[in-house]
Amino acid sequence: MKYLLMVTFSLFVLGCKNQSAESSAQSDVDEVLSNELPEDFLGFYMRFHSDSLYQINHIVFPLKMKSDSSAWLPEDWKMHKPFNDHSGEYIQNFVNMNGLIFEYIQDKRQIFKMERRFIKADEGYDLIYYKVDNILNDSQDWEPSE
């Protein structure tokens with residue numbers, strides 16, 4: 001009987017610890033969700049990649065930063081198209097830091113890395129930073145193949 005009471009008490013204590021761990025895990029999830037992308041960002045992001053005039057009007061030129069630390073200029077700009085990775089070779093992540101949206105895209109071997117930063121503007125968002133590293137090219141500036 002004594003043994004049964006000890007086992008029951010141990011299970012009760014472990015059950016309380018599991019509930020505490022579950023509520024801690026839930027608060028971690030809530031924290032991540034509070035850092036999600038703003039509701040209006042996805043619509044902006046889709047239009048940014050489908051409308052070249054809209055895209056050019058939502059870039060703050062001179063845009064930092066090329067590999068040589070110079071700026072991207074409107075006359076040098078090539079339209080960015082939507083990111084589509086059906087091969088599973090790339091990883092895309094977004095981070096929302098108090099309304100500053102960071103986008104990271106890299107291949108799993110870390111040969112190609114791209115970072116873009118968007119900030120809330122009067123009408124949607126503006127691209128304020130763009131950097132690409134491609135260790136296979138002499139230049140780190142990546143231009144999509146035609």
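Below, the figures for the structure above:
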quantity	calculated
Wholly within segment 1-84, helices (runs of 4 or more DSSP H) carrying at least 2 residues that are at pLDDT below 55	2-34
Of all residues making up segment 100-140, the number that are surrounded by 13 or more Cβ atoms within 10 Å (Cβ to Cβ), touching a residue at least 40 places away in the same chain (Cβ under 8 Å) and not in a strand (DSSP E or B)	1
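The values are calculated or read from the model by the stated rules, or taken from the named source; none is laboratory data. This is a predicted model, so every value here is computed, not measured. Ideal geometry is used to build each Cβ from the backbone, glycine not excepted, and the neighbour counts take in all protein chains shown.
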